[in-house]
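The values are calculated or read from the model by the stated rules, or taken from the named source; none is laboratory data. Bear in mind the structure is a predicted one, so any value in this text is a computation, not a measurement. Every residue, glycine as well, gets a Cβ built from its backbone with ideal geometry; the counts of neighbours run over all protein chains shown.
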Amino acid sequence: MLIILVPLLAAVVLGPMNQDAEGAGILGVVLVVDELKKTANVDPGMGGVVTFTGTAQAVEMRNLNAQYAIIDIDVDAGEWRVTEIPTIVVSRGQTIVSFSFSVEVPQITVTSGLVEAQIVTISGSWSYEPGLLSGDIEPMTGMIYVDQFYQCSIGCESPYIQTAPGGRIEIELLIANEGNGDDKINLEVHNRDHLDNEGWVVEQFQNFYQLKRGETIKVSIGVVAPKNWDPWVNEITFIKFHVTSTQAGLTQNVGEHVYYSVYIRQRGASVPGFEVPVVLFSILLVALLTIHKRYAR
């Protein structure tokens with residue numbers, strides 16, 4: 001809490017004062033700001049607005065029926081928008097008046113950590129009416145910090161893929177850090193147990209990826225389809241990926257959980273122990289032998 005007192009001797013303008021007069025003494029204005037350090041949450045769902053509150057007080061006002069103090073407070077937060085503070089009027093009947101102002105922090109603001117993202121300068125002026133007493137309020141400094149929020153996305157250029165039974169494919173995943181700071185991403189296959197039971201093989205050699213703010217990486221996942229015992233198959237299987245921010249967990253924040261599915265159509269002939277080309281070659285060979293025997297007669 002910071003207090004600024006701007007004093008002036010009443011005798012300077014109003015002339016000598018009777019020390020027995022009620023309220024005789026030093027005239028001045030006191031500003032009190034409740035908290036000068038604020039933290040903004042710039043998550044798209046939060047808005048990123050911080051509000052400062054305080055009070056303005058005129059002290060040692062003389063016993064004049066019509067005397068009052070006019071206080072104008074100015075706030076500078078750089079390029080960030082600040083709400084206006086109406087002119088404050090303080091009278092003998094109400095010597096303390098509350099005020100507040102809000103600063104709108106842009107949602108694209110990078111996390112500041114322990115370093116202030118924006119310095120807020122609070123200043124102003126005051127005057128006593130009627131009379132000629134006036135003065136400037138010595139500037140005070142507030143600070144706004146920006147919390148980190150965690151947001152990521154996952155996608156694939158080809159979310160629908162076709163393969164033959166026993167075929168191997170490569171899934172190219174695109175993972176993006178859309179938060180306002182560096183992040184550590186965890187990638188896992190959400191339905192791996194089901195895929196294992198069905199005979200699918202998912203080749204994932206790394207789970208954790210360090211992504212800078214705004215960075216997008218490409219992750220290759222190898223997948224081998226099972227060899228079915230049916231002579232002909234036409235099935236669709238999905239692989240469900242799960243992405244979370246481990247950095248959010250370390251800072252006790254609730255990170256975003258993102259799920260994304262890639263669909264694989266398994267279509268074609270499958271004979272145990274034979275690949276499709278071998279099967280086709282075997283069928284062709286049997287047909288040629290049959291024709292040869294028929295003409296040999």
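All but one of (1) in contact (Cβ under 8 Å) with a residue 60 or more places away in the chain; (2) within 23 Å of V50 (Cβ to Cβ); (3) surrounded by 14 or more Cβ atoms within 10 Å (Cβ to Cβ) hold for L133; state the number of the condition that does not hold.
L133 satisfies every listed condition except (2).
Among the residues of region 88-106, is any part of a loop (DSSP other than H, G, I, E, B), in the same structural domain as L31 (by TED's automatic domain parsing) and closer than 20 Å to P44 by Cβ?
Within region 88-106 (the criterion being part of a loop (DSSP other than H, G, I, E, B), in the same structural domain as L31 (by TED's automatic domain parsing) and closer than 20 Å to P44 by Cβ), the answer is yes, since at least one residue qualifies.
Please count how many residues of region 86-109 are among the hydrophobic types (A, V, I, L, M, F, W, C) and loosely packed, with under 15 Cβ neighbours inside 10 Å.
3
Looking only at region 161-205, count how many residues are farther than 27 Å from K227 by Cβ and either part of a loop (DSSP other than H, G, I, E, B) or free of Cβ contacts under 8 Å to residues at least 12 places away in the same chain (or both).
Summing the residues that are farther than 27 Å from K227 by Cβ and either part of a loop (DSSP other than H, G, I, E, B) or free of Cβ contacts under 8 Å to residues at least 12 places away in the same chain (or both) in region 161-205 gives 5.
For T111, are the conditions met, namely being among the hydroxyl-bearing types (S, T, Y) and either part of a strand (DSSP E or B) or more than 25 Å from Q247 (Cα to Cα) (or both)?
Considered against the rule, which asks whether it is among the hydroxyl-bearing types (S, T, Y) and either part of a strand (DSSP E or B) or more than 25 Å from Q247 (Cα to Cα) (or both), T111 comes out as no.
Do we have V82 as more than 17 Å from the chain's Cα centre (by Cα) and surrounded by 15 or more Cβ atoms within 10 Å (Cβ to Cβ) here?
So V82 passes the test.
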